Amino acid sequence: MKAIVDCNSFYCSCERVFRPDLRDKPVVVLSNNDGCIISRSDEARKLGVGMTIPYFQARHIIDKNDIAVFSSNYHLYGDMSWRVMETLRVLMGNEASKVEVYSADEAFMDLSHIPPGELEEYSGYIKQTVEQWTGISVSIGVAPTKTLAKLANRLWTASR
C-alpha cells in the first residue's frame, strides 16, 4: 500500500508553529514582494479569501476579519519541510526507499510492510507523530497506488 502525507496549509502551518496564538485563527501568507496570496488557513478560506489572488483584492476581507498576514519566509518553510520529511524517514526506520519526497509539503510512503488491518491505526500514528514532533498538521491518504492515495487524501480532506 502507498500513502501520501500532505501538510495542511503548509506555509500558514509553519507560521503558526512560532505563533501558537494563531491556532484556529485565520492566516494568509503572501508571495514574494507580497503580491499574491499563496497559502491560506481553512479559517481564511471559509471567510472568502481566495487562493493565488492579488493581496489587494482580498484586503477588505483580511482587514474586516483581522486575518494574520505574513510575508513568505522560504528559509523557514524549507527547514520545516526537512523536519517533516525527516520525521517520516525516522518512522520508516530510516529506509530512504520507503519515503519519496514529492514536494515541499507532500511525501509518498511505502506502507507495504504494514498489515492491511493495521493501516488505519498506523496512519493515525504517522499523523499524530508528525504533528507532535514538528507542529505541522497533516492529512494522509492510503491506497494501493500513489494516484489513488492522492485521491483518498483529497476525499478525506474534502469531507472535513
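The values are calculated or read from the model by the stated rules, or taken from the named source; none is laboratory data. Only a predicted model underlies this, so the values are computations on that prediction, with no experimental measurement involved. Because the Cβ atoms are built from the backbone with ideal geometry, glycine has one as well, and the counts that use them run over all protein chains shown. Note: areas computed on protein heavy atoms with side chains; ligands, DNA, RNA excluded. Shrake-Rupley method; radii C 1.70, N 1.55, O 1.52, S 1.80 Å.
Between a residue in region 77-106 that is in a strand (DSSP E or B) and open to solvent by less than 70 Å² (accessible area, probe 1.4 Å) and any residue that is at pLDDT 95 or above and not hydrophobic (A, V, I, L, M, F, W, C), which pairs come within a Cβ distance under 7 Å, given they are 6 or more apart or on different chains?
Listed by first residue and then by second, the contacts come to VAL99/ARG89; GLU106/ASP6.
Kindly provide the set of residues from region 105-123 that are at pLDDT below 95 and under 16 Å from the mean Cα position of the chain (by Cα), ordered by number.
SER123
Within region 111-126, does at least one residue satisfy the condition of being closer than 17 Å to SER9 by Cα and surrounded by 11 or more Cβ atoms within 10 Å (Cβ to Cβ)?
Scanning region 111-126, I find no residue that is closer than 17 Å to SER9 by Cα and surrounded by 11 or more Cβ atoms within 10 Å (Cβ to Cβ), so the answer is no.
Looking only at residues that are part of a helix (DSSP H, G or I) and of a type outside the set (Gly, Ala, Ser) in region 1-20, which one is surrounded by the most Cβ atoms within 10 Å (Cβ to Cβ)?
Checked region 1-20; the qualifying residue surrounded by the most Cβ atoms within 10 Å (Cβ to Cβ) is CYS14.
Going through region 18-63 one residue at a time, which ones are under 19 Å from ASP105 (Cα atoms) and small (Gly, Ala, Ser)?
Result: SER31, SER39, SER41.
Hey, can you tell me all the residues within region 48-64 that are part of a loop (DSSP other than H, G, I, E, B) and either surrounded by 17 or more Cβ atoms within 10 Å (Cβ to Cβ) or basic (Lys, Arg) (or both)?
VAL49
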